[in-house]
There are 2 protein chains.
Amino acid sequence: MNATKKSPGRGRPRGFDPDAALGTAMILFQQKGYDRVGVADIGRALGITPPSFYNAFGSKAALFDKVLDRYADGFGQFVPDALEGGGGAAEAVERVLDDAARLYARKDGIAGCLVIDGARGSCDPEAVAMTARRMEQSQAMIAARIAQEAPDRADRLAGIVTTALKGMSAAARDGAGADELRAFAEATAAGFRAVLAQKTSPAFAGEGGTRTAGG
Amino acid sequence: MNATKKSPGRGRPRGFDPDAALGTAMILFQQKGYDRVGVADIGRALGITPPSFYNAFGSKAALFDKVLDRYADGFGQFVPDALEGGGGAAEAVERVLDDAARLYARKDGIAGCLVIDGARGSCDPEAVAMTARRMEQSQAMIAARIAQEAPDRADRLAGIVTTALKGMSAAARDGAGADELRAFAEATAAGFRAVLAQKTSPAFAGEGGTRTAGG
DNA sequence: GCATTTCTATAGTCATCGCTATATAAATAC
DNA sequence: GTATTTATATAGCGATGACTATAGAAATGC
């Protein structure tokens, strides 16, 4: 069942380190996205051939799943860290956005968030579902923090934050620099603070906004 | 050179309408994204076979290019329309964001923006470049409007708007409803207004922000 | 040494996809 | 009518990608 198990002693030992391979694969997935990384690419980067790959990881999708776990425990940890940093919900959200601005900016060919954009538009529905599940978890964490101050609007307010993160991830992948991302984070944080301070807003009151709805 | 030309009279007439086919293809590309739409899918939807497809459009990428043009003249027209609607730059941007919130919400299986996400993560660099070019044009339009009030910060402020649009497009594709998108648009518009009102902000003053930069 | 276990390399399978070679059908020009 | 032009259908090409069948190499247990 469990792939990437440690070699227990008997049999020919592995010619590569599966744990280090996860890091290599993560870089590839972040640089190119799920579909554009082939098993042959990974094999070339690791110096192994397909049978070794499948013996260690089971499938490309299973490797991606493990990479996502590793990503959540490492790079993605900035979200819970920022949320738990003290202050009010507005300060917590501001930290999340500001950290994302710094972390999403391109560095060594890597930009944006693997969970948000690693499988966006992918032809493999399995990979898409894997990222979607993680994204829901992140949004739930953000909502839980906001719920401490605005329990009835927590989901809606958390949606604002995750939508902002998606925008920053896409913009970073499209070439936006750290300064540009920080400007967006600052604006969004200010907007979030304003919306949080409102008791209710037109957008929270159901369908009728200030403008007429078009076709 | 010019594909999708009108049949001038001589020769066997077309068994389908290339102009209507553009609309069908646009729907497919919006629903599934560039990579997940095969030439066979389009042929099936149009009731034609590959030779007819290639005779009419030249290639899948060329068809996508035409679809993007049609999209910009139709659906995408809301951006210049909203920008020219009068009022200040803040009001113009608010209209852009609010219209995007309404238009990006899922309807008949279509969500988000074809230019922003139609070829995101695609394996075909040609398709990616086509969307990137259009995105730059849209950002330039937004920047031109903002430059009427803040010429020295127009590009940076326009980047805030396009990043917000990318977030809304991604969120819509991920399942966000119109209400959720409108809440984000409202927050972003408020934040944009606040940043626009500032003479300068930390994010515009170069590298040093309010928080220490980490690795 | 010998059997067992595990990993590895070569080579290839199978499906998919963008695209095309060939021949045929349906229109106009004369 | 015949020639010309254009679009069509059948069938298949060439490349790619995920994955595997087979056999051989390198470790341990006895």
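Summary of computed values
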| item | result |
| --- | --- |
| Qualifying residue in segment B:58-80 (condition: within 11 Å of another protein chain (Cβ to nearest Cβ), on the phi > 0 side of the Ramachandran plot and of a type in the set (Gly, Ala, Ser)) | no |
| Segment A:116-137: number of residues that are closer than 28 Å to A:Val93 by Cβ, within 12 Å of another protein chain (Cβ to nearest Cβ) and among the polar types (S, T, N, Q) | 1 |
| Residue among A:Leu63, A:Leu28 that alone is within 15 Å of DNA strand D (Cβ to nearest atom), assigned to a helix (DSSP H, G or I) and without any contact (Cβ under 8 Å) to a residue 24 or more places away in the chain | A:Leu28 |
| Cβ pairs under 8 Å, 6+ apart, first in segment B:1-21 and more than 14 Å from chain A (Cβ to nearest Cβ) and at negative phi, second near DNA strand D (Cβ under 7 Å from one of its atoms) and at pLDDT below 75 | B:Pro13/B:Ser7; B:Arg14/B:Ser7 |
| Subset of segment B:98-135 [surrounded by fewer than 15 Cβ atoms within 10 Å (Cβ to Cβ), of a type in the set (D, E, K, R) and closer than 23 Å to A:Glu180 by Cα] | B:Arg133 |
| Residues that are more than 12 Å from chain B (Cβ to nearest Cβ) and in a helix (DSSP H, G or I), drawn from segment A:81-95 | A:Leu83, A:Ala89, A:Ala92 |
| Verdict on A:Arg12 being more than 26 Å from A:Ser169 (Cα to Cα), of a type in the set (D, E, K, R) and within 9 Å of DNA strand C (Cβ to nearest atom) | yes |
| Filter result for B:Asp69 (without any contact (Cβ under 8 Å) to a residue 24 or more places away in the chain, of a type in the set (Asp, Glu) and over 25 Å from B:Ala158 (Cα atoms)) | no |
| Checking B:Cys123 against (1) in contact with a Leu (Cβ under 8 Å, 6 or more places away or on another chain); (2) within 20 Å of A:Asp124 (Cα to Cα), the condition it does not meet | (1) |
| Breaking point among (1) in contact with a Leu (Cβ under 7 Å, 6 or more places away or on another chain); (2) without any contact (Cβ under 8 Å) to a residue 60 or more places away in the chain, for B:Glu91 | (1) |
| Residue within segment B:60-70 that is farther than 30 Å from B:Gln139 by Cα and either at pLDDT 95 or above or surrounded by 13 or more Cβ atoms within 10 Å (Cβ to Cβ) (or both) present | no |
| Single residue of A:Ala140, A:Ala144, A:Ala185, A:Ala154 found to be part of a helix (DSSP H, G or I) and within 12 Å of another protein chain (Cβ to nearest Cβ) | A:Ala185 |
| Count of segment A:102-115 residues which are within 13 Å of chain B (Cβ to nearest Cβ) and part of a loop (DSSP other than H, G, I, E, B) | 5 |
| Matching entry among B:Gln77, B:Gln30 (being touching a helix residue (DSSP H, G or I) at 6+ places or on another chain (Cβ under 8 Å), more than 14 Å from DNA strand C (Cβ to nearest atom) and of a type in the set (S, T, N, Q)) | B:Gln30 |
| Residue tally, condition surrounded by fewer than 17 Cβ atoms within 10 Å (Cβ to Cβ), within 8 Å of DNA strand D (Cβ to nearest atom) and either touching a residue at least 24 places away in the same chain (Cβ under 8 Å) or under 25 Å from B:Arg120 (Cα atoms) (or both), over segment A:37-57 | 4 |
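The values are calculated or read from the model by the stated rules, or taken from the named source; none is laboratory data. Source: prediction; values computed, not measured. We place every Cβ from the backbone using ideal geometry, glycine too, and count neighbours over all the protein chains shown.
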